[in-house]
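Taking it in order: structure first as structure tokens, then the write-up.
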Amino acid sequence: MLTMEPFLSIIFSLIVLLFSVVIHEISHGFVALYLGDPTAKLAGRLTLNPLRHLDPFGSIILPLLLFLFTAGNGPIFGWAKPVPVNPYNFRNQRWGDFLVSIAGPASNFALALFFGLALRFLPLSDQLAQLFSVIVFLNLGLMVFNLIPLPPLDGSHILFALLSSKYYYLKEMLTEYGFLLLLILVFFGVRIVFLGVLFLYKLIVGNLPLIF
């Protein structure tokens, strides 16, 4: 874990998670706006104010449960209240939903890549290196988690955009049972996500996270 006080470590991690989730959602909204849909803008969701994006379960309850479940040594992730999007406003009807959906995970990857490369190549103090390590680890966790192809996560929208109409039954099945499958994955398959995050972290930074 971080060498700073445990309480400060938890607070910093939650703040990083919160603003990473907010940036994730804002990215959806800005890409939707670029593609012709002003719904998120009109709803006042293109803001860094976290109170406009909080989801009681995904932003508060789930991260706390994961922190307790993993004793603070596993991936902590979640989601915010989805930004409202009207796909009928997209100029590109074929790929609009795909581009909007992938924008969130892409923003987390961009943050992880920026701070990860800084961690790898810049002469940082031990304290700053540990803080950067938290940012990289949590953003990679958000990216990997949100790319899981189960509703309501972004991965399901990406999958549905790529599937042809003949697989409509798969879409219906995942829409109906996806959230239940997601809860099962969260509590019984979290180590798989954890290993994926560690692999990407080491690929970018060159070593394992400094937070363990």
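Every number in this text was worked out from the coordinates using simple rules, so none of it is lab data. Quick caveat, the model's predicted, so the values are computed rather than measured. No Cβ is skipped: glycine too gets one built from the backbone with ideal geometry, and neighbour counts run over all protein chains shown.
For region 125-150, enumerate the residues that are surrounded by 15 or more Cβ atoms within 10 Å (Cβ to Cβ) and part of a loop (DSSP other than H, G, I, E, B).
Result: Leu147, Ile148, Pro149, Leu150.
When residues of region 109-134 are filtered for being over 12 Å from the mean Cα position of the chain (by Cα) and within 28 Å of Leu185 (Cβ to Cβ), how many remain?
Number satisfying all stated conditions: 5.
Please specify each residue of region 159-193 satisfying the condition of being touching a residue at least 24 places away in the same chain (Cβ under 8 Å) and either polar (S, T, N, Q) or in contact with a strand residue (DSSP E or B) (Cβ under 6 Å, 6 or more places away or on another chain) (or both).
Answer for region 159-193, where residues must be touching a residue at least 24 places away in the same chain (Cβ under 8 Å) and either polar (S, T, N, Q) or in contact with a strand residue (DSSP E or B) (Cβ under 6 Å, 6 or more places away or on another chain) (or both): just Thr175.
What are the residues in region 151-207 that are assigned to a loop (DSSP other than H, G, I, E, B), closer than 22 Å to Ile135 by Cα and under 19 Å from the mean Cα position of the chain (by Cα), if any?
Of everything in region 151-207, just one residue is assigned to a loop (DSSP other than H, G, I, E, B), closer than 22 Å to Ile135 by Cα and under 19 Å from the mean Cα position of the chain (by Cα), namely Leu153.
For region 174-183, check the following and say yes or no: at least one residue is of a type in the set (S, T, N, Q) and surrounded by fewer than 15 Cβ atoms within 10 Å (Cβ to Cβ).
Yes - at least one qualifying residue is present in region 174-183.
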